[in-house]
Amino acid sequence: MKKNNRKPKSKKTPKKKVMNSGDAASVSAFESAGGGGQKTGKTARAVQKASKPAKTGEGGGASNLFKTVGLFLRQAKVELKKVKWPTRKELIASTVVVIVLTILVSFYLGLIDLGLIKIIKHVIG
């Protein structure tokens, strides 16, 4: 019977990456942009996103406007369905509260105004 002389499997440690001059430039650009964070001894790679080609203003101006307006109206309809609309009783109660408070504040400000007018007339003579 053969004896198994293999060592138990262990997790492989990642190999260290050797930086070339191109990597150093991208790492320094990445770190200067605020992506470097703390230095851990590991190399960081800057990922460049592919830019989309610029859209030209040719054609479809009016149809693009209609699409945008249509999208807005659909989204507005969805949002209005989420609103909790008040019942008739709640609506009347809150309307009465607003009217009463408006009347009270107007009387208060009217009294202050009359008092200030009398003070100014008394001072001026």
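The values are calculated or read from the model by the stated rules, or taken from the named source; none is laboratory data. Since the model is a prediction, treat every value here as computed from it, not as a measurement. Virtual Cβ from ideal backbone geometry, glycine too; neighbours counted across all protein chains shown.
Which condition number does residue 44 fail, the rest of (1) in contact with a Phe, Trp or Tyr (Cβ under 8 Å, 6 or more places away or on another chain); (2) at pLDDT 95 or above; (3) not polar (S, T, N, Q) being met?
(2)
Determine which member of the set 121, 84, 52 is at pLDDT 90 or above, of a type in the set (Lys, Arg) and in a loop (DSSP other than H, G, I, E, B).
Values: 121 fails: in a loop (DSSP other than H, G, I, E, B); 52 fails: at pLDDT 90 or above.
After ruling out the rest, the residue left standing is 84.
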